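Have a look at the structure below before the remarks.
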Amino acid sequence: MTDATPEQMLLDSKLVGCMIRGLSSSALEDSDDGKFNYINCLDREYLTKPLNIKCVTFNISRYGQYTYTIEFPELVSEKEAIEKMEEYMSEPLTEEYYATIVDDLFHGESWEQAREWFKCRGDCLTDCKFLESTTVEDGELTFFIGS
């Protein structure tokens with residue numbers, strides 16, 4: 001038996017996440033445009049109303065040591081906030097960004113290795129992409145992302 005490649009290991013952990021949540025493996029299919037998307041596990045569609053969110057704070061590293069906040073000039077819906085968050089995580093992975101979060105990732109590859117496997121910022125989260133709950137408090141959207 002040969003060892004699984006790192007790519008196979010990443011895929012396997014995502015498949016396990018789907019199985020635990022009763023999702024089919026098709027939930028992992030990447031969008032046609034190659035963008036990063038969370039897997040909606042809320043048992044509902046993202047809310048388009050009310051417009052009550054002024055910022056969203058989210059993890060940018062696998063174990064949550066590093067977060068990022070997007071502030072909106074006008075109040076937005078949950079759906080709009082999540083789409084902006086996914087847009088941020090879809091940006092190409094740069095060496096500078098990777099150096100900021102590498103000490104809080106599942107894999108601690110060198111930049112040379114990481115750029116072979118990870119194309120966008122969200123790829124660094126590996127299997128931590130199952131959006132399980134959301135909370136809005138004082139206009140700030142936060143949520144729990146599981147693996």
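Per-residue Cβ neighbour counts within 10 Å put K84, K129 in the sequence K84, K129, beginning with the fewest. One chain, two ends: D138 and E91. Fully extended at 0.36 nm per residue, the span grows by 14.1 nm beyond their Cα-Cα distance.
Tell me, what is the FRET efficiency for C120 and K49 to the nearest 0.05, using R0 = 35 angstrom and their Cβ-Cβ distance as r? Show your work: numbers first, answer last.
On the way: r = 30 Å, r/R0 = 0.84.
E(calc), rounded to 0.05, equals 0.75.
FYI, it's all coordinate maths here, none of it is from the lab. Since this is a predicted model, take the numbers as computed values, not measurements. Methodologically, a virtual Cβ is constructed for each residue, glycine included, from the backbone with ideal geometry; neighbour enumeration extends over all protein chains shown.
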